[in-house]
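Visitor: My structure is below; once you've seen it, I'll send some questions.
The values are calculated or read from the model by the stated rules, or taken from the named source; none is laboratory data. Just so it is clear, the model here is predicted, and its values are computed rather than measured. Glycine also receives a Cβ, built like all others from the backbone with ideal geometry; neighbour counts cover every protein chain displayed.
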Amino acid sequence: MNEVDRECWLSALTRVPAQDLKTLVETFPSDWIIRPTAVPQVGLGMLKLRDSTMGEAFYLGEFPLSQCRVSVTTAEGLMAEGGALVMDDSAERVEYLALCDAVLAGRLPGWERVLDLVEMGVQLQLETELERKSILAQTRVDFSLLDADAGSDND
């Protein structure tokens, strides 16, 4: 597969089963020093919109939001930083995602396995997109047929 842009990594990795992500992270060497560069956060985000008639702001709803940034240093002295900001309520999962981001960005040992998971996630995204397009095609309405019927009622 072609190189996947970094901006797509997290989106793809969130499609991968959580157990696969956990299994991968557990294979990383235990002698790595993993430090948060910011306090990991799990909470709610609020979707704020503006009313089109009065221009007043209102909150449409809330959604789970998790954030984590990490710095990784290997036993060989290699360093990399990674981060994740995802719509999820699992602190553990967002930490795994940030760690995978760092490993892949810094090409740390094991980055090829992370890339394999990213490619698996991209494939899952494509399958979902095709499924949605198929459903959309099945529900398409041809309104031109209504115009033909409307003309026969006037006779």
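Visitor: Would you mind finding the one in Val103, Val94 that is under 17 Å from Pro17 (Cβ atoms), hydrophobic (A, V, I, L, M, F, W, C) and assigned to a helix (DSSP H, G or I)? Step through it out loud before you land on a result.
Guide: Details: Val103 fails: under 17 Å from Pro17 (Cβ atoms).
On inspection, the qualifying residue turns out to be Val94.
Visitor: With in a strand (DSSP E or B), free of Cβ contacts under 8 Å to residues at least 24 places away in the same chain, on the phi < 0 side of the Ramachandran plot and touching a Pro at 6+ places or on another chain (Cβ under 7 Å) as the only criterion, which of Leu44, Leu60, Leu49 stands out? If you could, list the steps in order and put the result at the bottom.
Guide: Working: Leu60 fails: touching a Pro at 6+ places or on another chain (Cβ under 7 Å); Leu49 fails: touching a Pro at 6+ places or on another chain (Cβ under 7 Å).
The unique qualifying residue is Leu44.
Visitor: For Pro40, which of the numbered conditions (1) out of contact with any Phe, Trp or Tyr (no Cβ under 9 Å at 6 or more places or on another chain); (2) over 18 Å from Gly83 (Cβ atoms); (3) modelled with pLDDT under 95; (4) surrounded by 11 or more Cβ atoms within 10 Å (Cβ to Cβ) fails to hold?
Guide: Unmet condition: (2).
Visitor: Would you confirm whether any residue within the range 124-144 is closer than 30 Å to Thr37 by Cβ, modelled with pLDDT of 90 or more and surrounded by 10 or more Cβ atoms within 10 Å (Cβ to Cβ)? Quick ask: steps written out before the conclusion?
Guide: First pass over the range 124-144, keeping only residues closer than 30 Å to Thr37 by Cβ: 124-125.
Going one step further and asking which of them are modelled with pLDDT of 90 or more, we end up with 124-125.
If we keep only those that are surrounded by 10 or more Cβ atoms within 10 Å (Cβ to Cβ) as well, we get 124-125.
Among the residues of the range 124-144, at least one is closer than 30 Å to Thr37 by Cβ, modelled with pLDDT of 90 or more and surrounded by 10 or more Cβ atoms within 10 Å (Cβ to Cβ), which makes the answer yes.
Visitor: Cys68 - would you say it is touching a helix residue (DSSP H, G or I) at 6+ places or on another chain (Cβ under 7 Å) and assigned to a strand (DSSP E or B)? Before the answer, list the steps.
Guide: Values: touching a helix residue (DSSP H, G or I) at 6+ places or on another chain (Cβ under 7 Å): yes; assigned to a strand (DSSP E or B): yes.
Answer is yes for this residue.
Visitor: Looking only at residues that are closer than 17 Å to Ser30 by Cα and not charged (D, E, K, R) in the range 75-96, which one is surrounded by the fewest Cβ atoms within 10 Å (Cβ to Cβ)?
Guide: This residue is Gly77.
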